Amino acid sequence: MTLFLIVTLNGLTLAALYFLAASGFSLIFGLMRTVNMAHGALLLLGGYVGYSIVDVTGSWGLGVLGGGLAAALAGALVQAGVLGWMQGDELRQTLASIAISIIMADLMLWYWGGLTYQVALPEALAGGQRLPILGVGYANIRLALMAFALATGLALWFLIQRTRFGAVIRAGVDDQDMLRALGYPIGRIFVLVFALGGMLAGMAGVVAASALSIAPGTDLQFLLSSLVVVIVGGMGSIGGAALGALLVGLAEQYGLAYAPTYGVVFTFAIMVLVLAVRPQGLLGKAEQ
Amino acid sequence: MNKLKLAASVLALSAMSVPASAEEVKIGVISILEGAFAALGQDGIRGAELAVLEVGGEVDGNKVEVITMSSDASPDSAVNAARKLIEQDGVDMIVGPLSGSEGLALRDLSKSYPAVTFLNGSSAAQDTTLRDSSDNFFRFGGDGAQWMVGVGDYAYNDMGYKSVAVIAEDYSFPYTQVLGFMTEFCSAGGKVPEKFWTPIGNKDYSSVVYSIPQDVDAIFVALGGADAVNFLTQYSQAGGDKPIIGGSITIDQSILDSKGPFKKLLVGAPAGTPTVSDYDGEEWSAFSASYTEAFPDGFSAPSIFAHHYYMSAKAAMLALDAVDGDLSNDQAAFRAALTDLTFVTPTGGTMRLDKNRNGIVDNFVTEVYEREDGSLGNRVVKVVRDVDQLLGQDEATFLASGPVSRDNPSCP
């Protein structure tokens, strides 16, 4: 029983990380219909930059912020410099973003090398907590991770539902042409949304590098998990990303604890099931 | 006029025969230069290049050319790399690959290219040479079980561990490592109540961490690269305090050089390995010095991968020299020379092959310690010389215990 509860808690914390990684991916897709395959590379870039900043300044908060900003800048550059030129041509954008992700991965391998990096945690997050009732040690960083994901989710919800910028994004999701006709600078909005998505990815990268670790290849792992999460949850919906992350995180942890060898299968079984029964994702809107 | 023609053709013939006597020998090196193993794979290439550099890039007037190809740890990528090297680049021999299951794939492939000699890199699955071996596949090194010799014994008798849980990646190399550890540990009287096989590249080990039985004395961790870092971090964060026993690549120098707070857990951990970065043997110091001189941007000392690629490439250079670069007749003379070759390895032992063309090697039991500058290194606890693939057992008994797998061996 204790093991089951612990594994559930592990699933929730892993889901928090997947949500952070997938929310930006989902946001970008929701507005622009762009499947940004460079999302994992943005995440890894954020993680590396965050590591370097923490290494120099010793401040974890600064690292998360810096990693997020670096990935935001990279995301904006990707949209403004490459993907913006082929807006509306989704297949070409997808292929171009794959190319960008490979180039970025190689550049990062060149600069940071192939070693495994972990971000040093601040004193308050480094240790473990004795959990009440269960009576086992649990890592502080994983508990903080849930709080972080919750805060990010709420902030994102507030931004999209309650602010003017959010209203523009939502309008763009529903009817891009009308938004353009009303005189909104859609190109600039796209760049901003890409920066926001990059920011989320970059921060997720630093958090992932703190709770787990980053190395070449981490980019593809998170890209894959983000893809699965948004396919299960529904493309373009923040709530869907949260639900998808929950399902995938829990499935992965139960799999690892009770059937370690076949753990991976559970995740994809969920995806296959969702695609068969509800192809637009659990909370996704069907295409008209 | 006819005389002139004759003279011209004689001249032409003799001109053509000059390059024929000084042929170029092409060596294809396959290693992993992408993904999580990229840094380790790069070091493997350095090892092979070092062996070629030592002979000045030529053997008996035959220029040696090295062509590198990357695989990605999957068997089919290694096969593709080998096919490209053989069919497009026309290599005479291949040094590689790096990872366990890749080695099994190249062993199978070598049967369809009898004119090419395959020299294993650092791949260490048991059955690459033990069962179904191939005549043109040579391994101048040990398998994963040979690399653990001495550790099971040391853990039971010297450290006093009676019960050990195992955490390892789910593929051929860790199976072989676990076999090497358990063969000694179980026959000494130790118990292994649980084994956790995790997918390669797994990030989040927290659920495995909590499944480890509380009553074991230590944990044997046979994970490589980022996987080891992730497990150890999460184990220490969850308040885990069982002593660690390391597999051969769990505590390789490349892991000890990685960044992060997890490394404290490793201090004092014993492990089995054929390569010790800080070994103070005379041959090793010389090897390490020439490595550092040739590759100032390499690791602080040669890794297990540089060491093994080096030995294979060195064996090729020595055998080439023995036959004066003669690769004719499907390399028959060259292979005979390889089979009979003996040379002194960087660890001071004598390398030679058994009848399956698998190396008889030195192995070390090591312990992680903190150097004065705060970085970590391995120091030697004991050296076991002349370890063969049968781990000192008689062949029939050893083969009868069956191929390694998740459940074999077992002593719960």
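Could you give me the residue pairs with C-beta distances under 8 Å whose first residue belongs to region B:30-42 and is more than 9 Å from chain A (Cβ to nearest Cβ), whose second residue is modelled with pLDDT under 80 wherever it lies, and which are 6+ apart or on separate chains?
B:I32/B:A38
Given the conditions (1) out of contact with any Leu (no Cβ under 8 Å at 6 or more places or on another chain); (2) modelled with pLDDT under 95; (3) crowded, with 19+ Cβ neighbours inside 10 Å; (4) assigned to a helix (DSSP H, G or I), report the number of the one that B:F287 does not fulfil.
All conditions are met except number (2).
May I ask you to verify whether A:L44 is touching a residue at least 40 places away in the same chain (Cβ under 8 Å) and either within 14 Å of another protein chain (Cβ to nearest Cβ) or touching a helix residue (DSSP H, G or I) at 6+ places or on another chain (Cβ under 6 Å) (or both)?
Working: touching a residue at least 40 places away in the same chain (Cβ under 8 Å): yes; either within 14 Å of another protein chain (Cβ to nearest Cβ) or touching a helix residue (DSSP H, G or I) at 6+ places or on another chain (Cβ under 6 Å) (or both): yes.
Yes: the conditions hold for A:L44.
Please indicate, with yes or no, whether at least one residue in region A:100-118 is of a type outside the set (D, E, K, R), more than 14 Å from chain B (Cβ to nearest Cβ) and either more than 20 Å from B:K203 (Cα to Cα) or without any contact (Cβ under 8 Å) to a residue 60 or more places away in the chain (or both).
Filtering region A:100-118 for residues of a type outside the set (D, E, K, R) gives A:100-105, A:107-118.
With more than 14 Å from chain B (Cβ to nearest Cβ) added as a condition, the list becomes A:100.
Filter once more, so that each one left must be either more than 20 Å from B:K203 (Cα to Cα) or without any contact (Cβ under 8 Å) to a residue 60 or more places away in the chain (or both): A:100.
Within region A:100-118, one or more residues are of a type outside the set (D, E, K, R), more than 14 Å from chain B (Cβ to nearest Cβ) and either more than 20 Å from B:K203 (Cα to Cα) or without any contact (Cβ under 8 Å) to a residue 60 or more places away in the chain (or both).
Residues that are over 24 Å from A:G217 (Cα atoms) and within 10 Å of chain A (Cβ to nearest Cβ): find the helices (runs of 4 or more DSSP H) completely inside region B:186-275 holding 1 or more of those.
On the way: elements: B:206-211, B:225-237, B:253-256.
Passing ranges, in order: B:206-211.
Residues A:G240, A:G236, A:G249, A:G244: which one is under 19 Å from the mean Cα position of the chain (by Cα) and not in a helix (DSSP H, G or I)? Don't jump to the end; show me each part of the working.
On the way: A:G240 fails: not in a helix (DSSP H, G or I); A:G249 fails: not in a helix (DSSP H, G or I); A:G244 fails: not in a helix (DSSP H, G or I).
After applying the criteria, what remains is A:G236.
A:G153 passes all but one of (1) surrounded by fewer than 18 Cβ atoms within 10 Å (Cβ to Cβ); (2) not in a loop (DSSP other than H, G, I, E, B); which number fails?
(1)
Take the residues of region A:229-252 that are within 14 Å of chain B (Cβ to nearest Cβ) and not acidic (D, E): which is surrounded by the fewest Cβ atoms within 10 Å (Cβ to Cβ)? Break it down into steps so the answer makes sense when it comes.
Looking only at region A:229-252, we keep the residues that are within 14 Å of chain B (Cβ to nearest Cβ), and these are A:245, A:248-252.
Still in the running and not acidic (D, E): A:245, A:248-251.
On the way: A:A245: 31, A:V248: 28, A:G249: 25, A:L250: 20, A:A251: 24.
Step by step, filter region A:229-252, then rank; the result is A:L250.
Would you please name the residue that is modelled with the highest pLDDT, looking only at residues in region A:123-137 that are more than 10 Å from chain B (Cβ to nearest Cβ), out of contact with any Phe, Trp or Tyr (no Cβ under 7 Å at 6 or more places or on another chain) and in a loop (DSSP other than H, G, I, E, B)?
Of the residues in region A:123-137, the ones more than 10 Å from chain B (Cβ to nearest Cβ) are A:123-124, A:131-133, A:135.
Going one step further and asking which of them are out of contact with any Phe, Trp or Tyr (no Cβ under 7 Å at 6 or more places or on another chain), we end up with A:123-124, A:132-133, A:135.
With in a loop (DSSP other than H, G, I, E, B) added as a condition, the list becomes A:132-133, A:135.
Working: A:P132: 74, A:I133: 70, A:G135: 70.
Checking each candidate, the answer is A:P132.
I'm checking my understanding of the structure. Among residues of region B:305-350 that are of a type in the set (S, T, N, Q) and assigned to a helix (DSSP H, G or I), which one is nearest to B:I27 (Cα to Cα)?
Residues of region B:305-350 that are of a type in the set (S, T, N, Q), as a first pass: B:312, B:328-329, B:331, B:339, B:342, B:345, B:347, B:350.
Pick out the ones that are also assigned to a helix (DSSP H, G or I) and you get B:312, B:328-329, B:331, B:339.
Working: B:S312: 11, B:S328: 16, B:N329: 18, B:Q331: 14, B:T339: 18 Å.
Among them, the one singled out is B:S312.
Residue-wise test of (1) among the small types (G, A, S); (2) out of contact with any Gly (no Cβ under 8 Å at 6 or more places or on another chain); (3) crowded, with 18+ Cβ neighbours inside 10 Å.
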site	(1), (2), (3)
B:G56	yes, yes, no
B:G61	yes, no, no
B:V64	no, no, yes
B:I67	no, no, no
B:D72	no, no, yes
B:S77	yes, yes, yes
B:L85	no, no, yes
B:D89	no, no, no
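Where residues in region B:132-151 are of a type in the set (A, V, I, L, M) and closer than 11 Å to B:Q389 by Cβ, which of them is surrounded by the fewest Cβ atoms within 10 Å (Cβ to Cβ)?
Per the stated criteria, the residue is B:V149.
Within region A:4-122, considering only helices (runs of 4 or more DSSP H) that don't extend past its boundaries, which have at least 1 residues that are within 30 Å of B:I249 (Cα to Cα)?
On the way: elements: A:39-57, A:60-81, A:90-112.
Once the helices (runs of 4 or more DSSP H) in region A:4-122 are filtered for at least 1 residues that are within 30 Å of B:I249 (Cα to Cα), what remains is A:39-57, A:90-112.
Any residue that is in the same structural domain as B:D340 (by TED's automatic domain parsing) and within 19 Å of B:F305 (Cα to Cα) - is there at least one of those in region B:129-136? Don't jump to the end; show me each part of the working.
Taking region B:129-136 and keeping what is in the same structural domain as B:D340 (by TED's automatic domain parsing), we get B:129-136.
This time we only want the ones that are within 19 Å of B:F305 (Cα to Cα), so: B:129.
Within region B:129-136 (the criterion being in the same structural domain as B:D340 (by TED's automatic domain parsing) and within 19 Å of B:F305 (Cα to Cα)), the answer is yes, since at least one residue qualifies.
Looking at A:I160, A:I186 in this structure, which one is surrounded by 14 or more Cβ atoms within 10 Å (Cβ to Cβ), in contact (Cβ under 8 Å) with a residue 24 or more places away in the chain and either among the aliphatic types (A, V, I, L, M) or in contact with a Ser or Thr (Cβ under 8 Å, 6 or more places away or on another chain) (or both)? I'd like the intermediate steps shown before the answer.
Working: A:I186 fails: in contact (Cβ under 8 Å) with a residue 24 or more places away in the chain.
Going through A:I160, A:I186 in turn, just one is surrounded by 14 or more Cβ atoms within 10 Å (Cβ to Cβ), in contact (Cβ under 8 Å) with a residue 24 or more places away in the chain and either among the aliphatic types (A, V, I, L, M) or in contact with a Ser or Thr (Cβ under 8 Å, 6 or more places away or on another chain) (or both): A:I160.
Starting from region B:315-334, keep only residues that are aromatic (F, W, Y), then list their pairs with residues that are modelled with pLDDT of 95 or more and part of a helix (DSSP H, G or I) whose Cβ atoms are within a distance under 6 Å, requiring at least 6 positions of separation or different chains.
B:F334/B:A319
Kindly evaluate A:G236 against the criterion of being in contact (Cβ under 8 Å) with a residue 40 or more places away in the chain and on the phi > 0 side of the Ramachandran plot.
On the way: in contact (Cβ under 8 Å) with a residue 40 or more places away in the chain: yes; on the phi > 0 side of the Ramachandran plot: yes.
For A:G236, the condition - in contact (Cβ under 8 Å) with a residue 40 or more places away in the chain and on the phi > 0 side of the Ramachandran plot - is met.
Taking the stated definitions as given, is A:A16 within 14 Å of chain B (Cβ to nearest Cβ) and buried (at least 22 other Cβ atoms within 10 Å of the Cβ)?
Numbers: within 14 Å of chain B (Cβ to nearest Cβ): yes; buried (at least 22 other Cβ atoms within 10 Å of the Cβ): yes.
Taking the combined requirement at face value, the residue satisfies it.
Out of region B:195-218, which residues are in contact (Cβ under 8 Å) with a residue 40 or more places away in the chain and at negative phi? If you could, list the steps in order and put the result at the bottom.
Taking region B:195-218 first, the residues in contact (Cβ under 8 Å) with a residue 40 or more places away in the chain are B:195, B:197, B:200-201, B:208, B:212-213, B:215-218.
Passing the criteria: B:K195, B:W197, B:I200, B:V208, B:I212, B:P213, B:D215, B:V216, B:D217, B:A218.
The values are calculated or read from the model by the stated rules, or taken from the named source; none is laboratory data. No experiment lies behind these values; they were computed from the predicted model shown. Neighbour counts are summed over all protein chains in view; Cβ atoms, including those assigned to glycine, are modelled from backbone coordinates with ideal geometry.
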